[in-house]
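Participant: Pasting in a structure now, in structure tokens, and then I'll have a few things to ask.
The values are calculated or read from the model by the stated rules, or taken from the named source; none is laboratory data. It should be emphasised that the depicted structure is a prediction, and the values quoted were computed from it without experimental measurement. Note: ideal-geometry Cβ built from the backbone for every residue, glycine included; neighbour counts use all protein chains shown. Note: accessible area is taken over every heavy atom of the protein model, side chains too, but ligands, DNA and RNA are not part of it. Shrake-Rupley method; radii C 1.70, N 1.55, O 1.52, S 1.80 Å.
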Amino acid sequence: MKRWIGLDIGGTEIKGALVDTDGNMTEPLAVTTPALEGRDRIMEAAVGLIRSLEQQAGESEICGIGIGTAGRVDRSTGSIVYATDNMPGWTGTEIKKEIEKQFPYPVSVENDVNAAAWGEAWLGSGEGVHSFMLVALGTGIGGAFFYEGSVLPGIRGGFAEIGHLIVDKDGVACTCGQYGCWETQCSGTALSRIAKSVNPEWSSRYLVQAYEEGNKEATDAMNEYLSDLARGLISVQQAYDPEVIILGGGVSDGYQKWSKALNEKLQELCVLPVRLAKAELGNRAGIIGAVKWAMTDQTT
């Protein structure tokens, strides 16, 4: 059986699994990302996980390694162009070069949100779709644009960095150094901040639950949040004109609870239709998509 090794390197966890040519994935293995210990320790953890998956593969033929990672990625070199201080020293890491020194397989590296988009295009909500924008509502807001069979990277690996669209010039500071970025209003981090402004004991999940139950304070807060989310999505629709916008990331777990209100706001605020869908692959998207990118990259 032919299999690929897929890795998803995030700020808190490195996850990996074996994926076959049909996208069937083994139960993922995971290790804690030693993010604050620097690039060498992160690479050591990634290499250790790859060795474990290599052993797990047994007699299967390993065709290659696909890696999705936080940060802007130069696909041609498999190196990190830029990463935030969530992973100190990660900028400049030559992932492809370092992994290929230790394993006899071709390695392809992609940004983590782009990898998730490859996965959704292959086996998720983007299957059969001509174009879509994946909006990942997590710690920040990530974006990936799929168009005519490919996820577009941009010159420096930064295409569709929609979380850093400035929506409020007087807004709060963002990790990128700007002020008033969209992710400061609508990311999972922002939603947690909003929840605690309503009640210091509330989490974002509790806020959404209270909203569903009709709590007035939660309803007021969520209405403001969804209005900000709708305005950002309208900007994305106007700028990129995708066939569909796919919502992923941790915030999208509550999609069924607030999607009706969000769609109503989109209809109210935008003269053009904005079609939404929820990402289907969940936390499998990054690994599956990293492998899909490797399959694509290593056959072109």
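Participant: Would segment 270-282 turn up any residue that is assigned to a helix (DSSP H, G or I) and on the phi < 0 side of the Ramachandran plot? Please lay out each step first, then the result.
Facilitator: We begin by selecting, within segment 270-282, every residue assigned to a helix (DSSP H, G or I); these are 282.
Then keep just the ones that are on the phi < 0 side of the Ramachandran plot; that gives none.
Looking for residues that are assigned to a helix (DSSP H, G or I) and on the phi < 0 side of the Ramachandran plot, one finds none in segment 270-282, hence no.
Participant: Could you look through segment 22-53, keep only residues that are among the hydroxyl-bearing types (Ser, Thr, Tyr) and either more than 19 Å from ALA115 (Cα to Cα) or in contact (Cβ under 8 Å) with a residue 60 or more places away in the chain (or both), and pick out the one that is least open to solvent (accessible area, probe 1.4 Å)? Reasoning before the result, please.
Facilitator: Applying the first criterion (among the hydroxyl-bearing types (Ser, Thr, Tyr)) to segment 22-53 yields 26, 32-33, 52.
Okay, now just the ones that are also either more than 19 Å from ALA115 (Cα to Cα) or in contact (Cβ under 8 Å) with a residue 60 or more places away in the chain (or both), so 32, 52.
Numbers: THR32: 108, SER52: 52 Å².
Restricting to residues being among the hydroxyl-bearing types (Ser, Thr, Tyr) and either more than 19 Å from ALA115 (Cα to Cα) or in contact (Cβ under 8 Å) with a residue 60 or more places away in the chain (or both), the top hit is SER52.
Participant: Checking the conditions here, which among GLY249, GLY214 is touching a Leu at 6+ places or on another chain (Cβ under 9 Å) and either small (Gly, Ala, Ser) or modelled with pLDDT under 95 (or both)?
Facilitator: Values: GLY214 fails: touching a Leu at 6+ places or on another chain (Cβ under 9 Å).
It is GLY249.
Participant: If LEU266 satisfies all but one of (1) more than 22 Å from the chain's Cα centre (by Cα); (2) open to solvent by 50 Å² or more (accessible area, probe 1.4 Å); (3) not aromatic (Phe, Trp, Tyr), what's the number of the condition it fails?
Facilitator: (2)
Participant: Now a separate question. Whether any residue in segment 152-160 is charged (D, E, K, R) and under 20 Å from the mean Cα position of the chain (by Cα) is what I want to check. Lay out the reasoning, then the answer.
Facilitator: Of segment 152-160, the ones charged (D, E, K, R) are 156.
From the residues that got through so far, the ones that are under 20 Å from the mean Cα position of the chain (by Cα) too are 156.
Within segment 152-160, one or more residues are charged (D, E, K, R) and under 20 Å from the mean Cα position of the chain (by Cα).
Participant: Mind listing just one residue for me: the one in segment 171-210 that is hydroxyl-bearing (Ser, Thr, Tyr) and assigned to a loop (DSSP other than H, G, I, E, B) and, of those, farthest from LEU233 (Cα to Cα)? Show your work before the answer.
Facilitator: The initial filter retains those residues of segment 171-210 that are hydroxyl-bearing (Ser, Thr, Tyr), namely 175, 179, 184, 187, 189, 192, 197, 203-204, 206.
Still in the list and also assigned to a loop (DSSP other than H, G, I, E, B): 175, 187, 203.
Working: THR175: 21, SER187: 13, SER203: 24 Å.
That would be SER203.
Participant: Out of SER227, SER259, SER235, I need the residue that is within 21 Å of LEU281 (Cβ to Cβ) and in a helix (DSSP H, G or I). Which one? Even if it seems obvious, please write down each step before you answer.
Facilitator: Numbers: SER227 fails: within 21 Å of LEU281 (Cβ to Cβ); SER235 fails: within 21 Å of LEU281 (Cβ to Cβ).
It is SER259.
Participant: In segment 5-19, which residues are of a type outside the set (A, V, I, L, M, F, W, C), in a strand (DSSP E or B) and touching a residue at least 40 places away in the same chain (Cβ under 8 Å)? It would help to see each step written out before you state the result.
Facilitator: Step one: filter segment 5-19 for residues of a type outside the set (A, V, I, L, M, F, W, C), giving 6, 8, 10-13, 15-16.
Restricting the remaining residues to those that are in a strand (DSSP E or B) gives 6, 8, 13, 15-16.
Residues satisfying the conditions are GLY6, ASP8, LYS15, GLY16.
Participant: If you check ILE194 against the conditions, is it under 27 Å from LEU123 (Cα atoms), of a type in the set (Val, Ile, Thr) and buried (at least 19 other Cβ atoms within 10 Å of the Cβ)?
Facilitator: Details: under 27 Å from LEU123 (Cα atoms): no; of a type in the set (Val, Ile, Thr): yes; buried (at least 19 other Cβ atoms within 10 Å of the Cβ): yes.
No, not satisfied.
Participant: Between ALA46, ALA30, which is aliphatic (A, V, I, L, M) and not in a strand (DSSP E or B)?
Facilitator: On the way: ALA30 fails: not in a strand (DSSP E or B).
Within the list ALA46, ALA30, the selection yields ALA46.
Participant: Something else: Given the options ALA30, ALA17, name the one that is of a type outside the set (Ser, Thr, Tyr) and in contact with an Asp or Glu (Cβ under 6 Å, 6 or more places away or on another chain).
Facilitator: ALA30
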